[in-house]
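Each reported figure results from applying straightforward, stated rules to the coordinates on display, with no laboratory input. Treat the numbers as computed from the prediction; the structure is a model and nothing was measured. Here the Cβ positions follow ideal geometry from the backbone for every residue, glycine too, while neighbour counts run over all protein chains shown.
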Amino acid sequence: MHSSLLPKNQSKWSKRQIQILESIAEDFTVSTVQLESMATQFVHQMRVGLTEQKPSDLAMVPTFVTGRPNGYERGSYLALDLGGTNLRVCLINLKGNHELESHQKAFKVSEHLQEANVSELMDFIANSIKEFITSEHINAQIVAHPTDSESLELGFTFSFPVAQTAIDGGLLLRWTKGFNCPGAVDNDIVKLLQQALDRNKVNVHVAALVNDTVGTLLAHSYTHPGTYIGAIFGTGTNGAYVENTHNIKTMHADSDEMIINTEWGNFDKDKNYLPVTIFDNKLDRESINPGVHVFEKMISGMYLGEITRNVLLHLIDQRVLFEGTSSPKLNKHWSFETKFMSAIEDDTTGSLIPIAQVLEQELDLYINTQADREIVKFVCQLVGTRAARLSAMATAAVIRQGLDKGMLRNHGYPLKLSIHEEERVDQNGASKGADANRELIQVGIDGTVFEHYPRFEERMKQGLVELLGPHARDIIKLDIAKDGSGVGAALAALIATKTASASSR
Ligand code: ADP
Ligand code: MG
């Protein structure tokens, strides 16, 4: 065993504690070689999903979004974001200089509505939009920044699995996340919403339907032209990227490029390459959708706390943590939230008193020694680091596809800096100037885990360096695309409207 896997400055851990934690550390540590074999498989599954009719773990959904904004677009568009307990209605004013203004209002989707007939849900959405656009302040905004057409154009970010049929059409495959409204599955979500808008006399036209990853990619392109990937690391995880249409054999497109929604949460569902532990298997088995989205279950905010809880209970049962005693709270399924891990990893005090506070106040674990607190922190580090490295693997695989197929300017990997770029980085450090920006690979990211989990970004970058070479740090830009789904839906509406008017000319 390599004792190097354990933290350096731990207080007196017993021989048994050291032995058991070394074995846990081995289970959770993902080597460069493992990352490499997963990335190779990921690219393979991407290509199967793009080219063959036989199903791939990666669905690689063509989105019908055939262009990216460059930041000069102008106009006023409505956006809707439905994907959880809140419905957000936004008005986005695109100013044409990479800047925009957004106003929004959230409406709570009650538990009743989450299971009501879909027409009731859609009436609620239509009336929420009506309430939003008739409020005095918003109305003044709309008059001041009109769209080109008469009715207001709306983009809809709908974060449930959809079989997209057009930029403004998609059939709901199944409800997830607690929703179960009869009358929606196999029906066109855009039609259902448009009918409700017409029924309620709301003069709004649904121009586009997008996934939140696609929205994030579009939104980031507006402020960072040339963005290649939009990714989510929040409740779940997923990514969308720009593909050359020559490589998409599952449909015919007239454009040069199209955004593909990878649905990467389902990567390697048979667990042939993923380093799953007994703790992951336990979580999966006890989840509402066993065998589905196994990759997502190792990465995203809904699950990381639960994996950690499973490890802690195992250590308690081996009598190497909390003197072998759990609490009723810790015994409860899903009680250990991912945000606790953030707070625990954030504690860099010698005494680890802040960790003691989380354990006591959130979980009723009052007997905790210094060694206990160190062990809890170490387990969070293992689970959190693995999540970030797997996130890097998916990102790197999508970048490799772009490098191999010519969608990115850099050719092949390890990534190389151009001569021009080398001078620039030597002299000035990070990105400077519009020309230099074209060399960069831009990734727009939305999600609380990326934003708030300590060192998530740094750990991701380390993984990117291992898979794409030392220059990955300078060339790949991981940036937060705040509220990407709202802004992105508005941009999708704009793209759809322009495409429609161009083709009817
Ligand atoms: P969504 O993906 O649904 O749009 P978010 O991006 O806000 O939502 O992510 C919500 C997820 O983030 C939840 O699973 C929650 O457990 C997790 N989370 C909340 N706060 C934190 C935090 N401080 N650190 C890490 N994860 C967090
Ligand atoms: Mg979100």
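Among residues other than V210 with Cβ under 12 Å from its Cβ, the summed charge is -3 (Lys and Arg +1, Asp and Glu -1).
Length available on full extension from R473 to N244: 0.36 nm per residue minus the Cα-Cα distance, which gives 79.9 nm.
The sum of -39500 (n - 2.57) across all DSSP H runs of n ≥ 4, divided by the residue count of the chain, sets its helix-only mean residue ellipticity at 222 nm to -13500 deg cm²/dmol.
Looking at the range 64-210 alone, DSSP beta bridges between its own residues are antiparallel in about 65 percent of cases. Annotation: amide H of I480 within the under-5 Å range of I445, sequence separation 5 or more or interchain, hydrogens built in the peptide plane. Considering only the chain, what is the antiparallel percent among its DSSP beta bridges, to the nearest 5? Expressed as a percentage, antiparallel bridges in the chain total about 60.
Amide H to amide H, with H built 1.01 Å from N, N180 comes under 5 Å of E115, counting only residues 5 or more places away or on other chains.
Each Lys or Arg adds one and each Asp or Glu takes one away; over the other residues whose Cβ falls under 14 Å from the Cβ of K332, this sums to -3.
For the listed residue pairs K105/K130; K54/K297; K8/K377, the alpha carbons are over 19 angstrom apart in K54/K297. Taking each residue as 0.36 nm, the span from N127 to K191 lengthens on full extension beyond its C-alpha to C-alpha distance by 21.4 nm.
Between E360 and E286, the simple label model (points 7 Å from Cα in the Cβ direction) yields a spacing of 2.7 nm. Applying the Karplus relation 6.51 cos²θ - 1.76 cosθ + 1.60 with θ = phi - 60° to the range 70-83 yields 3J(HN,Hα) values of 10, x, 9, 5, 10, x, 10, 9, 8, 9, 10, 10, 10, x Hz, where x marks Gly and Pro. 3J(HN,Hα) along the range 229-236: 10, x, 10, 10, 10, x, 4, x Hz, from the Karplus curve 6.51 cos²θ - 1.76 cosθ + 1.60 with θ = phi - 60°, whole Hz, x for Gly and Pro. Simple spin-label estimate for N86 and N272 gives 4.2 nm between the two label positions (7 Å along the Cα-to-Cβ direction from each Cα). Can you spot the aspartates and glutamates whose alpha carbon is less than 20 Å from K329's alpha carbon? Ignore those fewer than 8 places along the same chain. Once the sequence-local aspartates and glutamates are set aside, what remains near K329 is E286, E306, D317, E337, E360, E362, D364, D372.
Seen from F132, the other residues with C-beta closer than 11 Å to its C-beta sum to a net charge of +2, counting Lys and Arg as +1 and Asp and Glu as -1.
S351 to K95: extension gain in nm, 0.36 nm per residue of separation minus the Cα-Cα distance?
87.1 nm
In this rough spin-label picture, where each label sits 7 Å from Cα along the Cβ direction, the E22-N139 distance is 7.4 nm.
Mind jotting down a quarter of the surface of the convex hull over the alpha carbons of the chain, in square nanometres, one decimal?
Averaging across all directions leaves 25.2 nm² for the Cα convex hull.
Rounded to the nearest 20 debye, the dipole size of the chain about its Cα centre is 500 debye, using +1 on the Cβ of Lys and Arg and -1 on the Cβ of Asp and Glu.
Each residue of the range 39-48 is assigned a 3J(HN,Hα), and the resulting list reads 5, 4, 5, 4, 4, 4, 5, 4, 5, 4 Hz, derived from the Karplus form 6.51 cos²θ - 1.76 cosθ + 1.60 (θ = phi - 60°), x at Gly and Pro.
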